[in-house]
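Quick notes on the structure that follows.
Every number in this text was worked out from the coordinates using simple rules, so none of it is lab data. All values derive from a computational prediction rather than experimental measurement. All Cβ positions, even for glycine, are placed from backbone atoms using ideal geometry, and neighbour counts span all protein chains on display.
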Amino acid sequence: MRDNDADGGRLAQTILAHVLAAVEARELELGRLDAAAGDGDHGAGMVRGLRAAVAAADGPEGVAGDILARAGTGFTDAAGGASGALVGSWIGAIGRSLAGADRLDVAAVADALDAGQAMIQRLGKAKPGDKTMLDTLDPFLRALRRAVETGATLDAAWAAALPEAEAGMRATAEMIAKRGRAARLGERSRGHVDAGAMSLLIILTAVGDVIRQQAA
Amino acid sequence: MRRMLNEATAFREEMIGGYVAAFGRYVAPVPDASGVMAVGAPRAGKVAVVVGGGSGHYPAFYGLVGRGMATAGVIGEIFTSPSGEQAYRVAKAVDGGAGILFTFGNYGGDVMNFAMAEGRLLDEGGDVRTVLVTDDVLAAPPEEAEDRRGIAGGFYVFKAAGASAERGDDLATVEALTKRANARTRTIGVAFAGCTVPGQDEPLFTVEPDRMEIGLGIHGEPGVRTSELMPSREIAKLMVDSLVAEAPPDAGSRAAVLVNGLGGTKYEELFVLYDGIAPLLAAAGIEPYEPLIGEFVTSLDMAGCSLTLHWLDDDLRALHDAPAATPAFTRAG
């Protein structure tokens, strides 16, 4: 738990840099997953977006929310495509929610993730089970909420929620895509995990790494 | 796959650079934005028609910018929709005060990003409408026709929009005629081989030697289903039968016809295909109006083709016949 001050802003910059490195390391794998049902550029788009997000987060210091809001705008503009709009708007919505929080505690983070997920659902009009990034995010957020109710710290709650996110991501392999370009393929979209769901798991895992190091 | 390439990350920028260097008589780059606009834009009192999408589809979309067609094109990375920010900047640059019509293929990324741009322009008091191109008959059943994706038929939709705006129609009229053009346009496509994105080693999908994909995407997506490889005359029959079965209400008997090559299927093959299509159209009671055969919406080097029928009424025929001058398409009128 920490005050919502410029230290939190620096933490947000650290998180973004760590997320970029984690996604860069998996760029080709994300591209191959996307090629199963789409055009194979998901990894490249995520890396392009995150580089711009890290660059936008640099500069004037601020609270974590302001840093993330800037990063989201940078991500969306550089990445383009559906994932650019969705992931960039997700980061931005998380930022705007956190900017209004009194303290950077687990409740504020859960509320921010709620706001982020609402933004994705409004823009993409998908729901859990449609073989999208929501199949990672939704079980993660539910598990995070359950952990918060038991009084867990952010570090412990995040660690408890990650396996649920991974299970959700893995379950997309058996789903038929309902949204996005893959949706045109019907049954042929089955058999591969969704690239966006995998991306979000990589991001959530990388964020968890930084939170754990901070807590240690 | 060997490509004309420096660094893959610079591909889009250099592609636009060469394009505007060659075609400055038709188009100019939009300052500080990823897009091109017709020379002379903005024009006071004329609706601005803004098209766009990912690149890799030339002449769609930016090749169709010029007098009588699109006022501007927003250009994304290969097969990636441009961002809302870029669509906003391009639209602002060509706004002549009579409103903006966005028209582009119905893909999730394009829909989300152009919607962001539309929202900002509306918040600023602008007048903006959007017409999605939904011509691919195999992308969804007829009762979900508005969910279909846009492929080669976009050419006729953009032509109608641009001609309507050029003659000074107001935004509501341009929107209504563009919607009507889309509602009377149907396309079906097949693919024989996938395409390879510049900078990558492998094609996005492969097709077995004795098979073909039916219901292609234009971003290297596999088809909706595969089939035995058919001779051209059977592909012609499949295409004509599928489109005739989906003729719009009050179709009439006159249709503009577009046989589109996707990049790897060349003109001579398209003529062979049309040799099969022409008598089938006649047998179905359709009078082909000024057929076009060539590359209008491509998918990089994908092998395959599509057939589009654009059923004309008197209004749409006038828009079809109106003059146009763009780098990729010219009509004397």
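The table that follows gives values for the structure above.
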| item | result |
| --- | --- |
| Share, in percent, of DSSP beta bridges within chain B that are antiparallel, nearest 5 | 55 percent |
| Label point distance in nm, B:D32-B:V272, each placed 7 Å from Cα along Cα→Cβ | 5.3 nm |
| Share antiparallel - DSSP beta bridges, the protein assembly as shown, percent rounded to 5 | 60 percent |
| Using a Förster distance of 51 Å, the FRET efficiency for B:E14-B:A44 (Cβ separation, nearest 0.05) | 0.90 |
| Sum of -39500 (n - 2.57) over DSSP H runs of 4+, divided by residues of chain A (222 nm, nearest 500) | -24000 deg cm²/dmol |
| Around A:R103: net Lys/Arg minus Asp/Glu count, Cβ-Cβ under 9 Å | -2 |
| Nearest-20 debye value, chain B charge dipole, Cβ charges on Lys, Arg, Asp, Glu | 820 debye |
| Qualifying trypsin sites (Lys or Arg not before Pro) for segment B:11-94 [loop in DSSP, other Cβ within 10 Å: at most 12] | B:R25 |
| Dipole axis of chain A (+1 Lys, Arg; -1 Asp, Glu on Cβ), positive-most option in A:A25, A:I176, A:A79 | A:I176 |
| Given charges at Cβ of Lys, Arg, Asp, Glu: segment B:190-333 dipole, positive-most of B:G220, B:G333, B:F296 | B:G333 |
| Förster-model FRET efficiency, 25 Å R0, B:S253 and B:A318, C-beta, rounded to 0.05 | 0.90 |
| Net +/- balance of residues flanking A:N4 in space, Cβ distance below 12 Å, scoring K and R +1, D and E -1 | -4 |
| Given charges at beta-carbon only (K, R positive; D, E negative), |dipole| of segment A:1-142 in Debye | 280 debye |
| Note, ³J(HN,Hα) from phi for segment A:71-79, Karplus 6.51, -1.76, 1.60, rounded to Hz, x at Gly and Pro | 4, x, 4, x, 4, 4, 5, 7, 6 |
| B:D210/B:L122 FRET efficiency (R0 41 Å; Cβ-Cβ; nearest 0.05) | 0.20 |
| Count of Lys pairs (Cα-Cα under 13 Å; at least 8 positions apart or interchain) in the protein assembly as shown | 4 |
| Computed helical MRE - 222 nm, chain B, DSSP H runs ≥ 4 contributing -39500 (n - 2.57), nearest 500 | -10000 deg cm²/dmol |
| The protein assembly as shown - charge dipole about Cα centre, Lys and Arg +1 at Cβ, Asp and Glu -1, debye rounded to 20 | 460 debye |
| Pairwise centroid distance, computed over Cα atoms, of segment A:98-116 with segment B:60-132, Å | 34 Å |
| In nm, spacing of pseudo-spin labels at A:D58 and A:Q213 (7 Å Cα→C-beta vector) | 1.8 nm |
